[in-house]
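Okay, so here's the structure we're looking at.
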Amino acid sequence: MKLTTVTHVSVDGVMQGLGGPGEDRRGGFERGGWAPPLFVDEATAFLYRVFERAEAFLFGRRTYEIFAGSWGTWPDPGDSPIWTALNTRPKYVASTTLTEPRWANTTVVSGDLAAAIGELKAKPSGELQVHGSGNLIRWLLGKKLVDEITLLTYPVIIGQGTRLFPDTGPDRALDLVESRVASSGVTIQVYRPTGRPHYVTDTATDQRG
């Protein structure tokens, strides 16, 4: 399976509490609920197609508990590809503390996470999707396990909250393989990591001058 990450971020990179005011108040965060007013039209249709491609899901514990407490408890609306995918396909949770997951069809991965993901990726088809789960995404990128990165960037500056990428971390060059803009101003980019970036050296700078 191809491992893909799907993240909703503000222009300043915040991914915390996008769904509602009480979703995630860590660190005194008080600006939740910034995504739904802009999540319309093309962005919605795009995300529906993403979920329809999922063969399985991989979550960090915090995102898993948010999803389990929402999508995992809501009745089937009958017309939601997101609900259908999340409630019918396998879910894996990277956690050393979760012992009794409450959402059906959930497997807790508490041992060698890289090995477990390697086994999943070795399956012949489908996507192993990571939604939210910022800490997990950063770890996966550091281990070079991510095949594709999807960013939905909302035209808003939140000014506080947890960001997808920290101030320091591994560097990655990316190929842009898809890009579109929704009518609400949400931009959608799909990238593939291609290794380390190329940097200009002092010699190259001198030669250009």
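Every read-out reported here was derived from the displayed coordinates using simple, explicitly stated rules and does not represent laboratory data. As the structure is a computational prediction, the values presented were derived from the model and not from experiment. Here the Cβ is made from the backbone with ideal geometry for all residues, glycine too, and neighbour counts use every protein chain on show.
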Worksheet item: For region 23-65, rounded, prolate or oblate, judged on the Cα gyration tensor with a ≥ b ≥ c (square roots of eigenvalues), a/c < 1.5 rounded, else prolate if a/b > b/c?
Response: oblate
Worksheet item: Among the aspartates and glutamates, which fall within straight-line cross-link reach of LYS123, defined as a Cα-Cα distance under 13 Å, with same-chain neighbours fewer than 8 residues apart omitted?
Response: GLU55
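Shape of region 41-102 from its Cα gyration tensor (a ≥ b ≥ c, root eigenvalues): rounded if a/c is under 1.5, otherwise prolate when a/b > b/c, or oblate?
prolate
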Practice prompt. Calculate the dipole size of region 72-204 relative to its Cα centre from +1 charges on Lys and Arg beta carbons and -1 charges on Asp and Glu beta carbons; express the result in debye to the nearest 20.
Written response: 120
Discussion item. Quick check: net charge around GLY126, other residues with Cβ under 15 Å of its Cβ, Lys/Arg +1 and Asp/Glu -1?
Written reply: +1
Practice prompt. Per residue of region 16-31, in order, report the coupling 6.51 cos²θ - 1.76 cosθ + 1.60 (Karplus, θ = phi - 60°) as ³J(HN,Hα) in whole Hz, putting x for Gly and Pro.
Written response: 7, x, 5, x, x, x, x, 5, 7, 9, 3, x, x, 5, 10, 10
Worksheet entry | Helical segments meeting 20 Å axial Cα length and Kyte-Doolittle 1.6 threshold in the chain (DSSP H) | none
Worksheet item: Given (1) 16.6; (2) 14.1; (3) 13.5 as candidate values of mean projected area of the Cα convex hull in nm², which corresponds to the one derived from the coordinates?
Response: (2)
Worksheet entry | Whole-angstrom gap from region 98-129 to region 32-82, using each part's C-alpha centre | 19
Worksheet item: What is the P(r) of region 1-94, as percent of Cα-Cα pairs per 5 Å bin from 0?
Response: 3, 11, 20, 26, 24, 13, 4, 0
Worksheet item: How big is region 127-209 on each of its three principal axes, counting only the C-alpha atoms and giving the largest first in Å?
Response: 44, 32, 29
